[in-house]
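Below: the structure, in C-alpha cells.
Nothing in this text is a laboratory measurement; each read-out follows from the coordinates by a stated rule. Remember, it's a predicted structure, so these values are computed and weren't measured experimentally. A quick note on method: Cβ atoms are made from the backbone with ideal geometry, for glycine too, and the neighbour counts reach across all protein chains shown.
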C-alpha cells in the first residue's frame with residue numbers, strides 16, 4: 001500500500017476477526033515503531049508482544065477504555081522510559097502512529113487505549129522499574145461484522161492557515 | 001512509495017536544496033497530519049504554512065535547536081490546543097510523524113525542532129491565545145551536498161520482548 005494512501009485510509013479498529021496474526025507481521029509493526037523520530041535519537045521505548053490468551057484477557061480487564069483488547073488475537077504493550085521525562089510521551093506517540101500505519105498497510109488494525117491500570121499491567125508482565133506502560137495496542141484483522149468506521153475530520157479550512165494565523169489557505 | 005518503505009527509509013533532513021516546494025505537496029503533508037490518531041478524535045492541532053522568506057528567517061532565529069529552519073524553502077508551524085492538556089502533545093506528535101512520513105514519500109525531508117521561543121513565534125504569526133507552538137517543521141528537498149544521514153537504532157534484541165518483560169524475542 002502506498003504511504004499516503006495508508007495514512008489517509010487508516011481507520012480505528014476495535015473489533016477483530018479470529019484470523020491469527022503472523023508473528024513476523026508484529027515484528028514489522030514494531031520495526032515501524034522503532035523507526036519513529038525521537039528527541040536526540042534516544043528511542044525511549046520498549047515493546048512486549050503478547051499472544052498468550054490468558055494474558056490478553058487480563059490486559060482487557062485492566063484497560064478501562066479498551067475492554068475490546070480482551071478479544072484481540074494479540075497485543076503489543078508499549079513501554080516508555082521513565083527517566084526520559086521531557087520527551088518520552090511524544091516519542092512513544094510517534095512510534096505508535098508508525099505502528100498503526102504499518103499495521104494498516106499489512107491489512108491489520110488497532111486502536112489507542114488511553115486509560116488503563118499501568119501499575120497492574122507492569123506487574124503482570126514483570127516490567128522493571130525504569131519503564132512505565134505507555135499504551136496497550138490490540139492488533140488483528142478487522143472483524144467482517146464491524147467494519148472500521150471513519151473519523152470525522154475538522155475541515156481543512158479550519159485547521160490550515162497560510163503565512164499567518166487566521167488567514168486560511170485558499171483551496172489548492 | 002510503499003508505506004513500510006517510507007517509514008523504514010525516512011531520514012532526518014536539516015539541509016535543503018533550493019528547489020521550491022509545491023504548495024499542493026505541503027497540503028498533502030498537512031492532510032497526513034490531520035489524519036493522525038487523536039484522543040476522542042479531538043484533533044487538537046492547527047497548521048500554518050510559512051513560505052515568506054523574511055518570516056522563515058525569523059523562525060530560524062527563534063529556533064535554538066533549529067537554526068537550519070532559516071535556510072529551508074518553507075516551514076509548517078504546528079500549533080497545539082492549549083485547552084487539551086492531557087492529550088495535545090501526544091496527538092500533535094502523531095500528526096508530526098505522519099507529516100514526516102508523507103513528506104519523505106513525496107521526496108521531501110524535515111527535522112523536528114524541539115527548542116524554540118514559542119511566545120515570540122506566536123506573536124510574529126498572530127497566533128490566538130488558545131494555541132501554543134508545538135513545533136516548527138522546515139520542509140524541502142534534501143541538499144545534494146549533505147545527504148540525509150541514518151540514525152543508529154537500538155537493536156531489536158534490546159527493545160522487543162515476547163509475552164513478558166526481559167524475555168527477548170528470538171529472531172523471527
For residue B:19: the one exception among (1) outside any loop (DSSP other than H, G, I, E, B); (2) surrounded by fewer than 17 Cβ atoms within 10 Å (Cβ to Cβ): (1)
Enumeration of residues in the range B:131-157 that are surrounded by 11 or more Cβ atoms within 10 Å (Cβ to Cβ), touching a strand residue (DSSP E or B) at 6+ places or on another chain (Cβ under 8 Å) and within 13 Å of chain A (Cβ to nearest Cβ): B:131, B:132, B:133, B:134, B:135, B:137, B:148, B:151, B:157
Positions within the range B:88-110 being more than 7 Å from chain A (Cβ to nearest Cβ), over 8 Å from the mean Cα position of the chain (by Cα) and over 19 Å from residue B:132 (Cα atoms), in sequence order: B:103, B:104, B:106, B:107, B:108, B:109
Hits in the range A:41-55 - residues which are in contact (Cβ under 8 Å) with a residue 24 or more places away in the chain, more than 8 Å from chain B (Cβ to nearest Cβ) and either in a helix (DSSP H, G or I) or surrounded by 22 or more Cβ atoms within 10 Å (Cβ to Cβ) (or both): A:44
Residue match in the range B:80-87 (condition: at the interface with another protein chain (Cβ under 9 Å from one of its Cβ atoms), within 19 Å of residue A:87 (Cβ to Cβ), over 13 Å from the mean Cα position of the chain (by Cα) and outside any strand (DSSP E or B)): yes
Among residues of the range A:158-170, those that are more than 7 Å from chain B (Cβ to nearest Cβ) and in contact with a helix residue (DSSP H, G or I) (Cβ under 8 Å, 6 or more places away or on another chain), counted: 1
Neighbours by Cβ (under 6 Å, 6+ apart or cross-chain): first from the range B:6-25, away from chain A (no Cβ under 14 Å); second outside any loop (DSSP other than H, G, I, E, B): B:16/B:140
Close pairs from the range A:145-166: first over 15 Å from residue B:41 (Cα atoms), partner assigned to a helix (DSSP H, G or I), Cβ under 6 Å, at least 6 apart: A:160/B:30; A:164/B:125; A:165/B:125
Residue among A:36, A:32 that is within 23 Å of residue B:159 (Cβ to Cβ), in contact (Cβ under 8 Å) with a residue 12 or more places away in the chain, at the interface with another protein chain (Cβ under 7 Å from one of its Cβ atoms) and assigned to a loop (DSSP other than H, G, I, E, B): A:36
Residue in the range B:59-66 that is crowded, with 16+ Cβ neighbours inside 10 Å and closer than 23 Å to residue A:155 by Cβ present: no
Some residue of the range B:119-126 being more than 9 Å from chain A (Cβ to nearest Cβ) and under 18 Å from residue A:42 (Cα atoms): no
Criterion: under 18 Å from the mean Cα position of the chain (by Cα), more than 28 Å from residue B:2 (Cβ to Cβ) and touching a residue at least 24 places away in the same chain (Cβ under 8 Å) - qualifying residue of A:116, A:134, A:139: A:116
